[in-house]
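Novice: Just dropping this structure here.
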Amino acid sequence: MSLPDRAAPGVQEQAEGVADGACQLADAAGPGAWNLPAAEDAVEAIDVLVQALAAIDPEAARILAGVPAATDELLRHFRGLPSAAGPVAIPAPRVVRKPRRGLGPGYQGIRVPRSS
């Protein structure tokens, strides 16, 4: 889908304001800076933006369909409530090792002269 070159009056400016506000929030709020009301407000903003973007077309709605469940689960986590989906197994991080370089065919080791 391609969107029109021009947005409806005020939409571009509002979207820019939301993006600027989100960046300012991200810069100001580290892990220890949040309280529950602030987190609830941020989640509500995400939900409203998802609804607005999902209204663009059915494919946008399909792509964003999982976000409300994710934000609901996030709020349950912040409120100390049990997960609505039950425990979720988190896969262990995959350790990627650098490939080893062989010493080549016929390597016999390092010969060290014996001292007498």
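Novice: What number comes out for accessible area per residue over the stretch 33-78 if the probe is 1.4 Å? Units Å², please.
Specialist: Roughly 66 Å² per residue, with all protein chains present.
Novice: So for the chain, Kirkwood radius off the Cα pairs, Stokes-Einstein at 37 °C and 0.692 mPa s: how many µm² s⁻¹?
Specialist: Estimated via Stokes-Einstein, D reaches 165 µm²/s.
Novice: Using only the Cα atoms, work out Rg/Rh for the stretch 6-46, with Rh taken as the Kirkwood radius, to two decimals.
Specialist: That ratio equals 1.10.
Novice: What part of the accessible area of the chain, given as a whole %, is carbon or sulfur when the probe is 1.4 angstrom?
Specialist: 60 percent
Novice: Per-residue counts of other Cβ atoms within 10 Å, averaged by peptide: what ranking do you get for 17-29, 59-71, highest first?
Specialist: Result, highest mean Cβ count within 10 Å first: 59-71, 17-29.
Novice: Let me ask something else. Simple spin-label model, 7 Å along Cα-to-Cβ: Glu13 to Glu59 in nm?
Specialist: Output for this residue pair reads 3.1 nm.
Novice: Find out how many positive minus negative residues lie around Ala65, taking Lys and Arg as positive, Asp and Glu as negative, among other residues whose Cβ is under 15 Å from that of Ala65.
Specialist: -4
Novice: Distance in nm between label sites at Ala28 and Ala42, each 7 Å beyond Cα in the beta-carbon direction?
Specialist: So the label points at Ala28 and Ala42 sit 1.2 nm apart.
Novice: For Cα pairs less than 8 Å apart in space and 6+ apart in sequence, what is the mean separation divided by the residue count of the chain, i.e. the relative contact order in percent?
Specialist: 15 percent
The values are calculated or read from the model by the stated rules, or taken from the named source; none is laboratory data. Because the structure is a prediction, the values reported are computed rather than measured. With ideal geometry, Cβ positions are generated from the backbone for all residues, glycine too; neighbour counts draw on all protein chains shown. Accessible surface areas use protein heavy atoms only, side chains included; no ligands, DNA or RNA. Shrake-Rupley method; radii C 1.70, N 1.55, O 1.52, S 1.80 Å.
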